[in-house]
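First up is the structure itself, then whatever we jot down about it.
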Amino acid sequence: MPSLQALAACGPEQTSSAFLCYLRLSSLLVAQGQKEKAYEYLLAAQKTAEEDKAKSLLGAVEIAIANYWFQAGNLSKALDHAKTCLGFLDPACLGSSPLSLTSYHLLFAECSLWAGNVTDALASLSLLREHVSPSSTSLVKESVLNCLDSSIRLASLYLLHGDINAATEIIEVAFPVAKEKGSKRAVAEAHVLLALLKSKQGHSDQEALLTEGLSTELADKRVEGRLQLWAGIFYSTDSSNQEKAQSHFDKALQLSREAGDKFTEALALGHSALLTGSESARTEALRFAEELAAKLVVTLLNEVNT
Amino acid sequence: MYLQTIEVPEGTVLDSLEQISAIHDILGDKDAAVAAFKLALAEVRKINLQEKPILGIKHYYFLGIFSVNRLGDPVQAKELLETAYIVAKRMPDFPWHSVAVDLSDVKYVMKDRDGAAAQLNALLQETNVDDEITIKVLYKLARIHSEMANKSKALEIYERLVEKVRTSEKSVLPEPLVAHRVGKLYLLTGNLSKASHFLKLAQSDETDPELKSQVGVALTAVKAQAGERQEALKGVEELVLITENSITKDTVPIGELKTDLGEILLILGEYNRATEEFQKVTDPTVINLHKP
C-alpha cells in the first residue's frame, strides 16, 4: 500500500497552501476509499500545477495521480503516471519529499510486483534497499520516520515477492526503531511483519508478537486489512490453525472490500481459496485477479494448481 | 495639439503621459490609465535610441515596470524591458544589472523559468556586480532551481547566499529570512541536522511574527521527522493555539500554518487530524485563513 508518510514531508519549497492541501487530501481520501472526492482534489491540484508549470508541482501531481490509480486498482494507469513522474524526480530528495526517488520507486516496485513485472520491481527494490534503512549511512538516515515507513513498506514488498530473507533483514532493523519512535500504525505493521517473517524462517513462538501487532486499533481499514492478510498467511502453514487462518482471511476480505483495496482483496481471496482447496473459490479468485491484471495472484493460484 | 503649439524639451510629453497613466491607475480608472499608457507607448517608440540612449532606457524601463506591476501585462513588459536592457548593456559604465534582474522577474512572472534563470546566471558571471544585486540574483535563482525540482543546485546557491548576506554591508535581505529558506529546503531534502542549524539561525529574529511562526513550524517538522514524537506533538499543540489566537490571525497567514500543521500530523501518522486541518484550508466557509 502506498505509504502516506512517503508523501508527507512537505512539498516543493514555495508551494501554495491550497495546492498542498489538495494533494494531501486526495491521498488521504483515496486511502479512506473516498475516490470521487479524492479525484476532485487531484484535479484541483493538477490545475494549479499546470498553471504554474513548475516541475516540482507537476511531479508531485503525477506521483499523486499514480498513487490514486494504484489505490483505485488500475495498475496500467498507475504505472503510466509513475513513469511520467520519473522525469520530474529530484535526486537530491531521497526519502523525504513527494518528489523523492524513494516515493517513486516504492510505488513503481509495488505496481510492478502486482503486475507480475518482477525484473522491473526488483531493480527498484534493490535500489531502495541501499537508501531507506533507518540505520543507513545515507543522507536520509536523519529522517527517521520517513525511513521507517519506507522500510516497513519495502519489507512488505519483499514479502510479496517471496524474498523472506531480504524482508526479514529490513524489518529487523526497522522493528526497534518502530517500537521506540514509530506511529501506532508503524508499530503494528512492524510486529505483524516480523512475526510472519520469523515464522516463515522456521522460528516458532511468534504468535505473541503477531497478536500484539493485531491488537492495535488503527482506524485505517486498508492497513488493518493487510495485517489480517499477513495473519492469515501466518496461520495457514500450520495444519492445526486452519480455522484461525480462515478467520483472518475473512477479516482481510471484509476490511479490504470496505477500504476499496482490491489488491489485498485479490490476495486474500487467493489464499483463502488455496486454504479451502475449493475449485470454485479458486476459479472466482482467478477471475478477480485477472480482471485486476494482478499477475502476482494469478501466478500464485496457477503455480499451486500445477 | 499640445505638441504643435508649445515647444518642450524631449521627453517631457512622455514624462507627462507616464504620470497621467500612473495617476489614473492610483485613482482606480483603469481604462484611462491604459489609454494614457498607449499614448506613452507610441511616444517612446519615436525615441532614437542611437542618439538618446539614456532617455530611451529611462522610458522603456519605466513603461516596462509599469505595465507588469500596474497593468498586469508581462508580455508588453518583457518587450519594453528587453529594449531597455539591450540599450543599457551597450553603454559603457551604465548600471544595467538592475534592468537585467527586472527582466528576469518578468520572465519568471511569464512562467519562463529557464529564461529567467539564464538571465540571472549571466549576471553571476559578470564582475563588479553590486552586493545588493548579487544577493537578489542568488535568492531568485535558488528559488527557481527549487521549483524546477533541482534542490541540490538550489541548496548550493542558498548557501552562497547565506554567506553573502552575512558578509555584505549592503544586504537587502535579513539573514534570518534567508536562513529560514535554507533550513526549510534542507528539511525537504531530509538533512535534518543542517535544517536544524539554519532554522536556529532564523530564530534570532523575534520581531517578525510571520517568520517566527514559520520557523516554529519548521522546527516542529524537524522533530517529527527525527522521530521525536512527544516533542513534535507538543509543538503541534502550540501551533494549534497560535492558529486559534485572534491576534495571530491578523499577523500570520493561518492557511499556511494549518497546511504545515497537517504535514506534521501526516508524518506522525495522525491521518484523521491531518485530514481535518487540510480540509479547513480548502473550506471556503472558514474565515480568517488567508491574509487579506
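Laboratory data are not the source of any read-out in this text; all were calculated from the coordinates shown. Note that this is a predicted model, so its numbers are computed, not measured. Please note: Cβ atoms are built from the backbone with ideal geometry, for glycine as well, and neighbour counts cover all protein chains shown.
Taking other Cβ atoms within 10 Å as a rough exposure proxy, A:Ser240, A:Ser256, B:Ser104, A:Ser103 sort from fewest to most as A:Ser240, A:Ser256, B:Ser104, A:Ser103. Loop-resident trypsin sites (Lys or Arg not before Pro) (DSSP state other than H, G, I, E or B) in the stretch B:102-160 with no more than 16 further Cβ atoms inside 10 Å of their Cβ: B:Lys111.
Full extension from B:Ile86 to B:Glu237: what is 0.36 nm times the residue separation minus their Cα-Cα distance, to one decimal in nm?
Once the chain is fully extended between B:Ile86 and B:Glu237, it gains 48.9 nm.
The relative contact order of chain B, computed from alpha carbon pairs under 8 Å that lie at least 6 residues apart in sequence, is 7 percent. All Cα-Cα separations within chain A were binned at 20 Å from zero, giving a P(r) of 35, 58, 7, 0, each value a whole percent of the pairs.
Quick check: the distance between the Cα centres of the stretch A:229-306 and the stretch B:170-210, to the nearest angstrom? Cα centroid to Cα centroid, the span is 52 Å. Computed over the stretch B:136-224, the convex hull of the alpha-carbon atoms projects to a mean area of 5.5 nm². Note on A:Glu303 and A:Ser76: their simple-model spin labels are 2.6 nm apart, each label 7 Å out from Cα toward Cβ.
The residue among A:Val297, A:Ala245, A:Gly33 whose Cα reaches farthest toward the positive pole of the charge dipole of chain A, with charges on the beta-carbon of Lys, Arg, Asp and Glu, is A:Gly33.
FRET efficiency for the B:Thr12 to B:Val75 pair, using the beta carbon distance and R₀ = 30 Å, is estimated at 0.60. How big, on average over all directions, is the shadow cast by the Cα convex hull of the stretch B:1-110, in nm²? The directionally averaged projection comes out at 7.2 nm². Helical runs (DSSP H, four residues minimum) scored at -39500 (n - 2.57) apiece and divided by the length of the protein assembly as shown put the mean residue ellipticity at 222 nm at -24000 deg cm²/dmol. For the stretch B:1-110, the relative contact order works out to 18 percent when only alpha carbon pairs closer than 8 Å and six or more residues apart are counted. Working note: Cα gyration tensor of the protein assembly as shown, eigenvalues times five, square-rooted, sorted largest first, giving semi-axes of 56, 24, 21 Å.
Taking 0.36 nm per residue of separation and subtracting the current Cα-Cα distance, fully stretching the chain between A:Glu290 and A:Ser239 would add 15.4 nm.
Here the Karplus curve 6.51 cos²θ - 1.76 cosθ + 1.60, taken at θ = phi - 60°, turns the phi angles of the stretch B:272-279 into couplings of 5, 5, 4, 4, 4, 5, 5, 5 Hz, with x standing for Gly and Pro.
Simple point charges give the picture: +1 on the Cβ of Lys and Arg, -1 on the Cβ of Asp and Glu, and for the protein assembly as shown a dipole about the Cα centre of about 500 debye. Per residue, the average separation of C-alpha pairs within less than 8 Å and at least 6 apart gives chain A a relative contact order of 14 percent.
From least to most packed, judged by other beta carbons within 10 angstrom and beginning with the fewest, A:Ser183, A:Ser239, B:Ser16 follow the order A:Ser239, B:Ser16, A:Ser183. The residue among B:Val87, B:Ile26, A:Ala66 whose Cα reaches farthest toward the positive pole of the charge dipole of the protein assembly as shown, with charges on the beta-carbon of Lys, Arg, Asp and Glu, is A:Ala66. Each residue of the stretch B:210-217 was assigned a 3J(HN,Hα) from its phi angle through the Karplus curve 6.51 cos²θ - 1.76 cosθ + 1.60 (θ = phi - 60°); the sequence is 5, 5, 4, 5, 5, 5, x, 4 Hz, with glycine and proline shown as x. Label-to-label distance for B:Ser204 and A:Glu279 is 8.1 nm, based on points extended 7 Å past Cα in the beta-carbon direction.
With a 10 Å cut-off between alpha carbons and a GNM built on chain B, which of B:Ile26, B:Ile57, B:Ile133 moves the most? Among B:Ile26, B:Ile57, B:Ile133, the largest GNM mean-square fluctuation belongs to B:Ile26. Pairs of C-alpha atoms in chain B farther apart than 37 Å represent 32 percent of all such pairs. By the count of neighbouring beta-carbon atoms within 10 Å, fewest first, B:Ile135, A:Ile65, B:Ile254 end up ordered B:Ile135, A:Ile65, B:Ile254. Pairs over the 21 Å Cα-Cα cut-off, from the set B:Lys184/B:Lys223; A:Lys179/B:Lys223; B:Lys78/B:Lys164; B:Lys140/B:Lys164; A:Lys53/B:Lys140: B:Lys78/B:Lys164.
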